[in-house]
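**Q** Structure incoming, see below.
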Amino acid sequence: MLKQYLLTPGPTPIPPQIALKEALPVIHHRTSEFASIYKDVAEGLKYVFQTRNEVYVLACSGTGAMEMAIVNLLSPNDKILVASCGNFGERWAKIAQSYGVETIYVSVEWGKVLDPLEIEKTLKKNPDIKAVFTTFVETSTGVASDIKSIGKIVSQTNAVFVVDAISGLAGQEFRTDDWEVDVVISASQKDFMLPPGLAFIMFSQKTQKLIELSRLPKFYFDIKKYRDFYLINQTPFTPPVTLIVALQEALKLIRNKKIENIWNDCKRLARAARAGMQSLGLKLFAEVPCEVVTTASVPENIGEKIITTLKERYSVSIAGGQGKLKGKIIRLAHMGYIGKVDLLAGFACLEIVLSELGMDIEKGKSVAAVQKEFLG
Ligand code: PMP
């Protein structure tokens, strides 16, 4: 059996301290024992989100939290702006449209970055827009959006600003309150170093009016239920207790390390990954690359084969392109528990596979480029 190297942008590897917590006997959730864990988790999440507002824990993947934002903020025929630069930006529009919400787009070609001024112009033209939805790290392209600038623009309007930070939160600098973000969403399987299964969501004071007016149907994702139970350190429905116990440990690790140090580590890993890709002659795909996943264009005839060969031969998992980028790019993550040694191993194997697939690769070049970044 080969040792597994999980270098995908979610799920990501789990530190042993966290995995051990998942092996503990399950406790009952309507107990003071659980309430005290939940209280601690709620404080830890505020720290990671960099907010003073409550952050709720949900039993679903990240998309569930995206749906929760939409059904709690909007009513049928409301108008929203979706600012999209990839697959996950488009998901906002798909969810909204399935609820009969009118969607206006600001979008750019996949791989490019959104221009905040375009968003400003569209908001000025459409003063009836209720909410602006966008993505922090667009995992499908590796682009990071300028949330701070967009936040400044949206804060000067009546619209609320909703950000999918499923990728990037707890990896790359993100300041919910300072950047005036009204709803932030994240999930467990990326920078939080946990298995998939939990999502997190925060609502600001500015959203309260929309929440009161909202007429879209909701039951499981009704924010008011979560708000009431939050007051007694509980969730309205049976929570995934084991994952929440593991989350407490993950948040302890993050708090002990300090979020700024995690941001700096990811920055350094990102620099190394970019240098590694470029040294192999692979062009970086993202116009403004994020710090948690590196994307690069690859020859289309071997795009898919790179991924499968790395997995089958070396037990190294990286991701390929999604949707229209299938076979055209590779995506190598450096978030959560993924560290320097994983990157060195990943690039060493990538070099071998690329040469096996016919590319002219000078062995050791990308490993040396990565090492150089780590030494510098
Ligand atoms: N948004 C972004 C930016 C993502 O990276 C992902 C997951 N890759 C999602 C949304 C969807 O999350 P989930 O698969 O947890 O529902």
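**Q** Calculate the spin-label point distance for Lys3 paired with Arg175, positioning each point 7 Å from the Cα along the beta-carbon direction, and give it in nanometres.
**A** Calculated label separation equals 3.9 nm.
**Q** Taking amide hydrogens as modeled 1.01 Å from N in the peptide plane, which residues meet the under 5 Å criterion relative to Gly321, leaving out close sequence neighbours?
**A** Amide H neighbours of Gly321, under 5 Å, 5+ apart: Gly327, Lys328, Ile329.
**Q** Of Ser107, Thr308, Ser186, which is farthest towards the positive pole of the chain's charge dipole, taken about the Cα centre with +1 and -1 on the beta-carbons of Lys, Arg and Asp, Glu respectively?
**A** The residue sitting most towards the positive pole is Ser186.
**Q** Please give the contour-minus-distance gain from Phe374 to Lys252: 0.36 nm per residue of separation, less the Cα-Cα distance, rounded to one decimal in nm.
**A** Details: separation 122, 0.36 × 122 = 43.92 nm, distance 2.63 nm.
Answer, rounded to one decimal: 41.3 nm.
**Q** Averaging over every viewing direction, what projected area does the convex hull of the Cα atoms of the chain cover, in nm²? Provide the component values of the computation, followed by the final result.
**A** Working: hull surface 73.5 nm².
Hull-based average projected area comes out at 18.4 nm².
**Q** For Ala187, list long-range residues whose amide hydrogen, built 1.01 Å from N in the peptide plane, is under 5 Å from its own amide hydrogen.
**A** Excluding prolines and chain starts, which carry no amide H, the hits are Phe200.
**Q** To continue, here is another question. What helices in the chain pass both tests, a Cα length along the helix axis of 27 Å or more and a mean Kyte hydropathy of 0.5 or higher, using whole DSSP H runs? Before the final figure, lay out the partial values.
**A** Details: long enough: 259-279 (30 Å, -0.60).
Result, helices passing both filters: zero.
**Q** Picking from Met202, Met68, Met359, which is most flexible by a Gaussian network model of the chain using Cα springs under 10 Å?
**A** Met359
**Q** Which links in Lys152/Lys225; Lys112/Lys311; Lys124/Lys326; Lys225/Lys258; Lys94/Lys324 stretch past 26 Å when you go from one Cα to the other? Before the final figure, lay out the partial values.
**A** On the way: Lys152/Lys225 31 Å; Lys112/Lys311 29 Å; Lys124/Lys326 36 Å; Lys225/Lys258 32 Å; Lys94/Lys324 17 Å.
Violating the 26 Å Cα-Cα cut-off are Lys152/Lys225; Lys112/Lys311; Lys124/Lys326; Lys225/Lys258.
**Q** Where both partners of a DSSP beta bridge lie in the chain, what percent of those bridges are antiparallel, to the nearest 5?
**A** 50
**Q** Okay, moving on. Provide Ile211, Ile330 in ascending order of the number of other Cβ atoms located within 10 Å of each residue's Cβ, fewest first. It would help to have the intermediate numbers written out before the result.
**A** Working: Ile211 16, Ile330 25.
Listed from fewest to most nearby Cβ atoms, that is Ile211, Ile330.
**Q** Oh, and also: Based only on Cα atoms, what Rg/Rh ratio does region 1-121 have, Rh being taken as Kirkwood's radius?
**A** Rg/Rh for region 1-121 comes to 1.06.
**Q** Can you sort His28, His334 by how many other beta carbons sit within 10 Å, fewest first? Mind dumping the intermediate values first?
**A** Details: His28 9, His334 27.
The most exposed by this proxy come first: His28, His334.
**Q** Label points 7 Å out from Cα along the Cβ direction at Ser107 and Glu260: separation in nm?
**A** Modelled inter-label distance: 4.0 nm.
**Q** Still on this model: Stretch Gln205-Lys125 to full length: gain in nm at 0.36 nm per residue minus the Cα-Cα span? Kindly include the intermediate steps, with their values, before the conclusion.
**A** On the way: separation 80, 0.36 × 80 = 28.80 nm, distance 2.54 nm.
Extra length available between Gln205 and Lys125 comes to 26.3 nm.
**Q** Follow-up. Express in whole angstrom the spacing between the alpha-carbon centres of region 9-57 and region 79-136.
**A** 32
Readers should treat all values here as calculations from the given coordinates under stated rules, not as data from a laboratory. These figures come from a predicted structure and were not determined experimentally. With ideal geometry, Cβ positions are generated from the backbone for all residues, glycine too; neighbour counts draw on all protein chains shown.
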